[in-house]
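A.B. asks: My structure is below; once you've seen it, I'll send some questions.
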Amino acid sequence: MLRCALLLCVLALARARPNIVLIIADDLGWNDVGFHGLNQIPTPNIDALALSGLVLQNHYVQPICTPSRSALMTGKYPIHTGMQHGVIYGMEPRGLPLTEKILPQYLKELGYRTHLVGKWHLGSYKKEYLPKHRGFDSHTGFVTGKIDMFDHTNAEKGSWGFDFRHDSELVAHELFGQYATDVFTNEAVRLIRGHNKTEPLFLMVAHSAVHTGNPWEPIRAPDKDIEKFAYIKDPRRQKFAGVLWKMDESVGKVVQALQANGLLENSIILFTTDNGGAAAGFNDNAASNYPLKGVKNTLWEGGVRGASALWSPLLARRGRVATQTLHISDWLPTLYAAAGGNTSLFENIDGFDQWEALSHDVKSSRTSIVHNIDDVWGSAAITVDQWKVVKGTNYNGAWDYWYGPDGREETYQVDQVLKSPAGQAITQLGLMPDTDKILQIREEATLKCNTSIVPITCKPLVAPCLFNIEEDPCEKRNLAEQEPEILQRLLDELSKANSTAVPPNNKQLDLRGDPKYWGRVYFNFGDFEMNNPSNINL
Ligand SMILES: *[C@@H]1O[C@H](CO)[C@@H](O)[C@H](O)[C@H]1NC(C)=O
Ligand SMILES: *[C@@H]1O[C@H](CO)[C@@H](O)[C@H](O)[C@H]1NC(C)=O
Ligand SMILES: *[C@@H]1O[C@H](CO)[C@@H](O)[C@H](O)[C@H]1NC(C)=O
Ligand SMILES: *[C@@H]1O[C@H](CO)[C@@H](O)[C@H](O)[C@H]1NC(C)=O
């Protein structure tokens, strides 16, 4: 009798929908994770997930925040939702169109509890654009593009205000001064501990790290965490290391909490950056996309090839470098499928269900990626099979180079990975590969420029450039002249994609949204008659 009951119990558990945890880093570069070969700054918890799960070697994101998050939430390219140009500002009367149904809404229909911790950045000028009104049961965090890590204010476009809330509505004044990554970690752990296991959990932890805050002190971490990295000579990179270290620690605490509460064994964890790293002083920051070309907000590989990993015991073949071509819009159908949903309900999305391809290591059904088409800035790029065309560029070409650091001087501490909280939790489940295997996967995931190619200059403002990304991931040899037919085929694909684009929905800033009228808080100003906004009592 008892056995039978146990068997039923096991069967019931086997059918339970998996918990889904998305951990989104902000502006993290390709070379800011140990699993890509970085030795300079240890990321043992992130590495533990990546090296025991899947290193997503060909996962492409959008080059900048709002568009990337819009694609993650909708399964659509930003050119199809009007989100293709730049980010949303706190004073901008704009949000991800309300006609879009998004990931947490779909997951709620499958019975999920849904929580957002951290950054939103998909619209906040009216309540109906805020996470609580778009499928999240709770939200603790901020709604604009960036915050100071301690005081939680954002200075942008001539305004300055506090941006930290509970449940999209209540201003979290009491969290002033607490390090943002710690606030997000504590909240994520609290939600995991309090989670009712009869329901599946969807938890999105969208960090403010490693984005910079305000220009007067852009990179901030607790002193003791910055001091750990005294051996890093570049002071900006040293502070960056403190910020990154805190985010890695957070990943460890979240994984550990999932394990301690019996959720980990039935979880899917996606760790990804939202876009390429802000390197070499871009945005006052010190990320690294080495050896890739470009930075955040460029369409070079350094701007769009994401530092990303997927971890789950539900993946049939784990502990490897996954080379499947993926785009951030794929996660909506992929996670929905992994949750047992029927993906045939998705119409007019650009994402592909990649769950089977990733789980069993078979070919991805995706053969092309529209990286973006931005006619305001005059840049566009598309990849088809191994070929990539880049037409035009941003910043008049000022960020079309290669930046460091390579961060290879120190040695990699694989024991740190095993001893990290995430490493231990994974080991407890019996899912950690041995040391040799870990090092082998890491070696495979460490990109090297192809030294046998002869560079050919690319001037994308003059003529479109063509690259063979498989042979030349560093985009050093422009094959536009050698391969005119391939170039034409890709330009045709690009114009086909362009013919399906909708106009960008950017709006003029509305100065009535200035936090100075709203108790110094970035606020859903669009919900109020604004004749005398300073009388609104918050
Ligand atoms: C958990 O959820 C189930 C189903 O909704 C409910 O019956 C149960 O009372 C909940 N348990 C707790 C401790 O809230
Ligand atoms: C998914 O939905 C489609 C369309 O509603 C239906 O034809 C199909 O049978 C469903 N598949 C499964 C596995 O339920
Ligand atoms: C490097 O480039 C050469 C010349 O194009 C090519 O033959 C070779 O396959 C490339 N190596 C890799 C690892 O892609
Ligand atoms: C896309 O189409 C628009 C409108 O037809 C045109 O102005 C623009 O130049 C095209 N962009 C690209 C990258 O082809």
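A.B. asks: Putting +1 on Lys and Arg Cβ atoms and -1 on Asp and Glu Cβ atoms, find which of His327, Pro63, His371 reaches farthest to the positive end of the dipole of the chain.
C.D. replies: Of His327, Pro63, His371, it is His327.
A.B. asks: Within segment 206-284, which chymotrypsin sites (Phe, Trp or Tyr not before Pro) sit in a loop by DSSP and count at most 16 neighbouring Cβ atoms inside 10 Å?
C.D. replies: Those satisfying the criteria are Trp216, Tyr231.
A.B. asks: State the extension gain, in nm to one decimal, for the chain segment bounded by Arg489 and Glu529, taking 0.36 nm per residue of separation less the distance between their alpha-carbons.
C.D. replies: 9.1 nm
A.B. asks: Something else now. As an exercise, find the ratio Rg/Rh for segment 318-420 from alpha-carbon atoms, using the Kirkwood inverse-distance average for Rh.
C.D. replies: Answer for segment 318-420: 1.08.
A.B. asks: Post the alpha-carbon centroid distance, segment 111-181 to segment 274-304, in whole angstrom.
C.D. replies: 25 Å
A.B. asks: Specify whether the C-alpha gyration tensor of segment 394-538 places it in the rounded, prolate or oblate class, a ≥ b ≥ c being the square roots of the eigenvalues: rounded for a/c under 1.5, otherwise prolate if a/b is larger than b/c and oblate if not.
C.D. replies: oblate
A.B. asks: Sort Glu187, Glu156, Glu444 by Cβ crowding within 10 Å, fewest neighbours at the top.
C.D. replies: Least crowded to most crowded, the residues run Glu444, Glu156, Glu187.
A.B. asks: Take peptides 292-303, 384-395 and line them up by average Cβ neighbours within 10 Å, highest first, as a rough protection proxy.
C.D. replies: Top of the packing list down: 292-303, 384-395.
A.B. asks: Here is a follow-up. When the helix-only estimate is applied to the chain (DSSP H runs of n ≥ 4, each -39,500 (n - 2.57), divided by the residue count), what is the mean residue ellipticity at 222 nm, nearest 500 deg cm²/dmol?
C.D. replies: One gets -8000 deg cm²/dmol as the mean residue ellipticity at 222 nm.
A.B. asks: Can you sort His166, His211, His327 from fewest to most other Cβ atoms within 10 Å of each residue's own Cβ?
C.D. replies: Ascending number of Cβ neighbours within 10 Å: His166, His211, His327.
A.B. asks: Here is a follow-up. Checking the cross-link filter: which lysines have an alpha carbon closer than 22 Å to that of Lys296, excluding same-chain neighbours under 8 positions apart?
C.D. replies: Filter leaves Lys76, Lys119, Lys146, Lys157, Lys239, Lys246, Lys388, Lys391, Lys448, Lys459, Lys476.
A.B. asks: OK, next. Taking every alpha carbon pair in the chain, what does the distance histogram look like in 10 angstrom bins from 0, in percent?
C.D. replies: Bin by bin from 0 Å, the calculated values are 4, 19, 31, 28, 14, 4, 1, 0.
A.B. asks: Continuing with the same structure: Just flag the chymotrypsin sites (Phe, Trp or Tyr not before Pro) in segment 111-191 sitting in loop per DSSP whose Cβ has no more than 14 other Cβ atoms within 10 Å.
C.D. replies: Hits after loop and neighbour filter: Phe176.
A.B. asks: Oh, and also: Most exposed first by the Cβ proxy, i.e. fewest other Cβ within 10 Å, how do Ile469, Ile64, Ile438, Ile88 rank?
C.D. replies: Ile469, Ile438, Ile64, Ile88
A.B. asks: In debye, nearest 20: dipole of segment 22-444 around its Cα centre with unit charges on the Cβ of K, R (+) and D, E (-)?
C.D. replies: 360 debye
A.B. asks: Could you check what % of the DSSP bridge pairs in the chain are antiparallel, to the nearest 5?
C.D. replies: Looking only at bridges with both residues in the chain, the antiparallel portion is about 50 percent.
A.B. asks: Classify segment 45-154 as rounded, prolate or oblate, taking a ≥ b ≥ c as the square roots of the eigenvalues of its Cα gyration tensor: rounded when a/c is under 1.5, otherwise prolate if a/b is larger than b/c and oblate if not.
C.D. replies: Here segment 45-154 falls in the rounded category.
A.B. asks: Compute the separation of the alpha-carbon centres of segment 208-268 and segment 12-80 and state it in Å as a whole number.
C.D. replies: Answer, in whole Å: 15.
A.B. asks: Can you give the Rg and Dmax of segment 220-320 based on its C-alpha atoms, in angstrom?
C.D. replies: Considering segment 220-320 through its Cα atoms, Rg and Dmax are 16.3, 43 Å.
Every number here is computed from the coordinates shown, using simple stated rules; none is lab data. Everything numeric in this text was worked out from a predicted model, so none of it was measured. All Cβ positions, glycine included, derive from the backbone under ideal geometry; neighbour counts span all protein chains shown.
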